[in-house]
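Report on one structure; see the data block that follows.
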Amino acid sequence: MPFGEQPAYLRVASDLREKIVNGALPPHTRLPSQARIREEYGVSDTVALEARKVLMAEGLVEGRSGSGTYVRARPVPRPIARSGYRPGAGASPFRQEQTAEGTRGTWESRSEQEAASAEIAERLGIEPGDRVMRTRYVFREAGEPMMLSTSWEPLAVTGRTPVMLPEEGPLGGCGVVDRMAAIDVVVDNVAEEVGARPGLAEELLALGGVPGHVVMVIGRTYYASGLAVETADVVVPADRYRISYHLPVK
C-alpha cells in the first residue's frame, strides 16, 4: 500500500461516516447490509465487516439483535461548568458539578471504609493500607444518569468527627469545603486533571452507554495547607457532555 493511502476498510468507514454526519443516513436508519456494502464499494466481506466495526467503535451505529445495525441518534453535547472550589453556602457536590445553574437533579450515594490502594494513597499523601472513607455517587438529571463519582477521604482527617460520612449528619451533602470547615480544616486549593479513556463495563451500564464508548475522567483533589483532604474521580460520558472551565484571573 503506497505511503499515505488508507486501508480499504477505513475508506469505506470514512464514506459511511460522512453520510451519517451530513444526514444522508439519518438517526435510526438501518446501515447498509454487509452484502450491500460489499457490492456498492467493490470490497470483500472482511473489509465490509471491518468498516462496520469502525463505525460501531466510534459510537455512530449500534447493533440490534436480530434486526441489523442502525445509525445512533447523536446527542448535542452539553457543558458541565467548572469554576473552582468555592461553592455557594450549603452547596451539595452535585450543585458544584452540575451542567448549568438552576438545573435540578438527584443523586444516590453509598459510603464505606476501606484500605487505601497504592494509587489513592499517593494522591492523598498517605500510606497504602491507611483507612479511607470511600463514597460512590450516581448523579441524575431528569431521572437520567449523567455522571458518576467516587471520592476518598483520609480517616486520619475526618475519622471520629461529625463529618466522617459525607452524606450523613448535619452537614451531609454540603460539599467538601463546608464540611472540612466544620472541623477547622480550611480548604485553600484544588487540583483537577482531565483525561479520557474507554468506559469500564460497569460505568457504561450505570450511565446508559454503549460498550466501547469513551468517558471523560476528572481527577480532583482538595488541599488544606498542602494536605490532601479529599480526592475523587468524576466520570462523564464524552458524547453527551463537555467540560467547561471558568477560572478567576488574579
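So here's what we get for this one:
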quantity: For the chain, with +1 on Lys and Arg beta carbons and -1 on Asp and Glu, the positive-most of Ala201, Val187, Ala115 along the dipole; calculated: Ala201
quantity: Lys53 - accessible surface, heavy atoms, 1.4 Å probe, Å² rounded to 10; calculated: 110 Å²
quantity: Surface accessible to a 1.4 Å probe, Trp152 within the full protein complex, Å²; calculated: 30 Å²
quantity: Helix 8-21 vs. the chain, principal-axis angle (Cα, 0 to 90°, nearest 10); calculated: 70 degrees
quantity: Stretch gain in nm, segment Ile183-Asn22, where the contour uses 0.36 nm per residue and the Cα spacing is subtracted; calculated: 52.3 nm
quantity: Potential lengthening between Arg11 and Arg160 on full extension [0.36 nm per residue; Cα-Cα distance subtracted]; calculated: 47.5 nm
quantity: Net charge of Cβ neighbours under 13 Å - reference Thr69; Lys, Arg +1; Asp, Glu -1; calculated: +4
quantity: At R0 = 30 Å, FRET efficiency that the Cβ-Cβ distance of Glu127 and Ala201 yields, to 0.05; calculated: 0.45
quantity: Helical mean residue ellipticity (222 nm; -39500 (n - 2.57) per DSSP H run of 4+; nearest 500) of the chain; calculated: -7000 deg cm²/dmol
quantity: Cut-off under 5 Å, modelled amide H: who pairs with Val61 long-range; calculated: Met56, Arg72
quantity: Sequence-separation-based contact order of the range 123-250, relative, with Cα cut under 8 Å and 6+ spacing, percent; calculated: 26 percent
quantity: Centroid-to-centroid separation of the range 145-166 and the range 215-250 [C-alpha atoms, Å]; calculated: 16 Å
quantity: Residue-normalised accessible area of the range 161-236, given per residue in Å² at a 1.4 Å probe; calculated: 45 Å²
quantity: Relative contact order of the chain, pairs being alpha-carbon contacts under 8 Å that are 6 or more residues apart, as %; calculated: 18 percent
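The values are calculated or read from the model by the stated rules, or taken from the named source; none is laboratory data. Predicted model only: the values in this text are computed from it and were never measured. When we count neighbours, we look across all protein chains shown, and the Cβ atoms used for this are built from the backbone with ideal geometry, even at glycine. Ligands, DNA and RNA are stripped out before the accessible areas are found, and what is left, the full protein with its side chains, is counted by its heavy atoms. Shrake-Rupley method; radii C 1.70, N 1.55, O 1.52, S 1.80 Å.
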